[in-house]
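One structure is given below, encoded as structure tokens.
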Amino acid sequence: MSVTPTHRICQGVTDAPPPPLAGALAAWLRKNGEAVRVVDPRNEPADWSGVGPLWVHLEGNNWQWIQEHIPPNEADLRFFGPEASRGKEKFTEVRIFSADPEGIGIDPAVLPITTYSGFGAQPGGLFRILASRFGQPRPLPLLLNELVYLVETFGAGHLLFDDEDLSASRDLLQKFEGELSHLPWAITWEGRASGRRVRAARDI
């Protein structure tokens, strides 16, 4: 009896909002009819079992946790995220997808809405989000659709933009800030711009 392969995704965080690239990867795979399971939902034990690719998001301080938890006999290990190349430090037979899981069709300008289905509880109303990819701003309607989805589904109240430099999308953010003033929710946001941490477009 054959076992249907499932894309397993390790978000790499245990007490923080899921990385938007991990959510986008899961959403895109599901959109294309692939089976997806998050191996490390928040507030739940990690379950690495299964047959199929294991996608691991690498960034910031999660490397130590990853080294300690990934089973050593994984046959199809794939690192993605801003520090994916670090996977070679311990795991030699892996596929590296640097800043994004390239090759599976995620258009940087048209990322799918990040559903976070299966990523675990999302307490606190804080969510990470992307305003652009590879220097290309996301269309404002898609950004607003994702905002509405996060508010209505998870009660989001504060957005943390993961972009390296929000000043590259200044026009987009000014329009985004204008749209926020018309919404019935008290939404705040922050991110990095020109080398410093900013809150609200007027601070850029």
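The values are calculated or read from the model by the stated rules, or taken from the named source; none is laboratory data. Fair warning: this is a prediction, and the values are worked out from it, not measured in the lab. Note that we place each Cβ from the backbone using ideal geometry, even for glycine, and neighbour counts take in every protein chain shown.
A few comments on the model shown:
- The residue list Gly191, Gly195, Gly178 contains one member that is in contact (Cβ under 8 Å) with a residue 40 or more places away in the chain and small (Gly, Ala, Ser), which is Gly191.
- Taken together, the residues in the stretch 31-67 that are touching an Asp or Glu at 6+ places or on another chain (Cβ under 8 Å) and of a type in the set (A, V, I, L, M) amount to 4.
Residues checked against (1) in the same structural domain as Ala46 (by TED's automatic domain parsing); (2) of a type in the set (D, E, K, R); (3) at pLDDT 80 or above:
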site	(1), (2), (3)
Glu74	yes, yes, yes
Glu83	yes, yes, yes
Phe91	yes, no, yes
Ile113	no, no, yes
Gly118	no, no, yes
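- Only listed residue being crowded, with 17+ Cβ neighbours inside 10 Å, under 17 Å from the mean Cα position of the chain (by Cα) and at pLDDT below 85, chosen from Ser169, Ser132: Ser132
So that you can scan it fast, the table gives a plain yes or no per residue for (1) surrounded by fewer than 17 Cβ atoms within 10 Å (Cβ to Cβ); (2) among the small types (Gly, Ala, Ser):
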{"residue": "Asp40", "(1), (2)": "no, no"}
{"residue": "Leu58", "(1), (2)": "no, no"}
{"residue": "Gln64", "(1), (2)": "yes, no"}
{"residue": "Phe79", "(1), (2)": "no, no"}
{"residue": "Ala84", "(1), (2)": "no, yes"}
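- Across the stretch 43-53, not a single residue is classified as closer than 30 Å to Ala156 by Cα and surrounded by 16 or more Cβ atoms within 10 Å (Cβ to Cβ).
The rows are residues; the columns are (1) part of a strand (DSSP E or B); (2) at pLDDT 90 or above; (3) on the phi > 0 side of the Ramachandran plot.
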{"site": "Ser2", "(1), (2), (3)": "no, no, no"}
{"site": "Pro5", "(1), (2), (3)": "no, no, no"}
{"site": "Arg8", "(1), (2), (3)": "yes, yes, no"}
{"site": "Val13", "(1), (2), (3)": "no, no, no"}
{"site": "Ala22", "(1), (2), (3)": "no, yes, no"}
{"site": "Ala27", "(1), (2), (3)": "no, no, no"}
{"site": "Arg37", "(1), (2), (3)": "yes, yes, no"}
{"site": "Ser49", "(1), (2), (3)": "no, yes, no"}
{"site": "Gly52", "(1), (2), (3)": "no, yes, yes"}
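- Being crowded, with 17+ Cβ neighbours inside 10 Å and free of Cβ contacts under 8 Å to residues at least 40 places away in the same chain holds for only one residue in Glu146, Glu164, Glu152, and it is Glu146.
- Here Glu74 clears all of (1) surrounded by 16 or more Cβ atoms within 10 Å (Cβ to Cβ); (2) in a loop (DSSP other than H, G, I, E, B); (3) in contact (Cβ under 8 Å) with a residue 40 or more places away in the chain except the condition numbered (3).
- Hey, Tyr149 of a type in the set (Ser, Thr, Tyr), at pLDDT 85 or above, in contact with a Gly (Cβ under 6 Å, 6 or more places away or on another chain) and not assigned by TED's automatic domain parsing to the domain that holds Trp28 or not: no
- Residues being more than 19 Å from Leu29 (Cα to Cα) and β-branched (Val, Ile, Thr) are represented in the stretch 61-80 by at least one member.
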